[in-house]
Amino acid sequence: MKIYDFPMAPNPRRVRIFLAEKNIQMVYVHVDIFKGENRTVEFMRKNPMGGLPVLEFDDGTYLTESVAICRYFEGLQPDPPLMGVDPRDIAFVEMWNRRMELEIFSPIANVIQHTHPAFITRIKQIPEFAEVRRDYGLQRLEWLDSILAQRQFIAGERYTIADITAQVAIDLGVNLGGLKLLDGVHHVKRWHEAVSSRPSAKA
């Protein structure tokens, strides 16, 4: 098996962190998004959506979407559990991961898509929309701070894929979107320092 990957893209990083937490070694194939290598005819045969990451199985089939790839490896190697340990826990982890995608990841990604020079030729950028989403994202970080005031990690007292999703989103915002974690979100800062200190954060 191998994974088609681009180090600067957030969704491939979600998978890399997930696999690092499980100590699963993979072969990664570099696909440069900025050069449009994910839009070539050859790559589109692997994923017609043109997105990364893509997991290629030894039989030549392909699995796309980062959470689906994580789900596959969770089934192969349940320990450490990153997606829940029983039906109830699995459901709650899924709920929190989805909330992180919608409420944290999405607004940050919108800001970058509509302001970063890398996207000028890829989408019609609307700076006003970026500002609206930036304000929303900052509000949702305050909401996340209220959640993390109650527990160590996002879905409870154990590190899960929900933490990975939020960590990747915030790192993306800091590195490419000019996001600054304000003093008021000290629980988010505490959590972010903790997850950033894990060896998997270097993935």
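Data for the structure
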item	result
Sole exception among (1) buried (at least 20 other Cβ atoms within 10 Å of the Cβ); (2) over 27 Å from P7 (Cα atoms) for T165, by number	(2)
Residues satisfying the stated conditions in region 103-122, i.e. part of a helix (DSSP H, G or I) and surrounded by 15 or more Cβ atoms within 10 Å (Cβ to Cβ)	E103, I104, F105, S106, P107, I108, A109, N110, V111, I112, Q113
Cross-chain or 6+ apart pairs with Cβ under 6 Å, region 3-28 first and farther than 18 Å from G177 by Cβ, then surrounded by fewer than 22 Cβ atoms within 10 Å (Cβ to Cβ) and among the small types (G, A, S)	R16/A203; I17/S200; I17/A203; A20/S200; A20/A203; E21/S200
Every residue from region 78-92 that is of a type in the set (D, E, K, R), part of a loop (DSSP other than H, G, I, E, B) and under 12 Å from T160 (Cα atoms)	D79
Considering residues of region 72-92 that are of a type in the set (D, E) and surrounded by 15 or more Cβ atoms within 10 Å (Cβ to Cβ) only, the residue nearest to V15 (Cα to Cα)	E74
V31 being hydrophobic (A, V, I, L, M, F, W, C), over 24 Å from M100 (Cα atoms), buried (at least 16 other Cβ atoms within 10 Å of the Cβ) and not assigned by TED's automatic domain parsing to the domain that holds T165	yes
From the options E131, E157, E142, residue that is free of Cβ contacts under 8 Å to residues at least 24 places away in the same chain, among the acidic types (D, E) and touching a helix residue (DSSP H, G or I) at 6+ places or on another chain (Cβ under 9 Å)	E131
Residues of region 162-201 classified as outside any helix (DSSP H, G or I) and closer than 20 Å to S66 by Cβ, total	2
Candidates A162, A166, A149, A155 - the one that is touching an Asp or Glu at 6+ places or on another chain (Cβ under 8 Å) and at pLDDT 95 or above	A155
Any pair with Cβ under 6 angstrom, 6 or more apart, that starts in region 69-87 at a residue that is within 10 Å of F18 (Cα to Cα) and ends at one that is of a type in the set (S, T, N, Q) and surrounded by 13 or more Cβ atoms within 10 Å (Cβ to Cβ)	L82/T160
Top-ranked residue of region 40-67 - restricted to ones that are surrounded by fewer than 12 Cβ atoms within 10 Å (Cβ to Cβ) and within 21 Å of the chain's Cα centre (by Cα), ranked as nearest to V15 (Cα to Cα)	M49
Those residues of region 123-136 which are surrounded by 13 or more Cβ atoms within 10 Å (Cβ to Cβ) and of a type outside the set (G, A, S), in sequence order	Q125, I126, F129, E131, V132, R133, R134, Y136
A9 vs. criteria among the small types (G, A, S) and buried (at least 18 other Cβ atoms within 10 Å of the Cβ)	yes
Number of the exception - Q139 against (1) in a loop (DSSP other than H, G, I, E, B); (2) surrounded by fewer than 21 Cβ atoms within 10 Å (Cβ to Cβ)	(1)
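The values are calculated or read from the model by the stated rules, or taken from the named source; none is laboratory data. Keep in mind that this is a model prediction, so the values were computed, not measured. Counting neighbours? That spans all protein chains shown, and the Cβs are built from the backbone with ideal geometry, glycine included.
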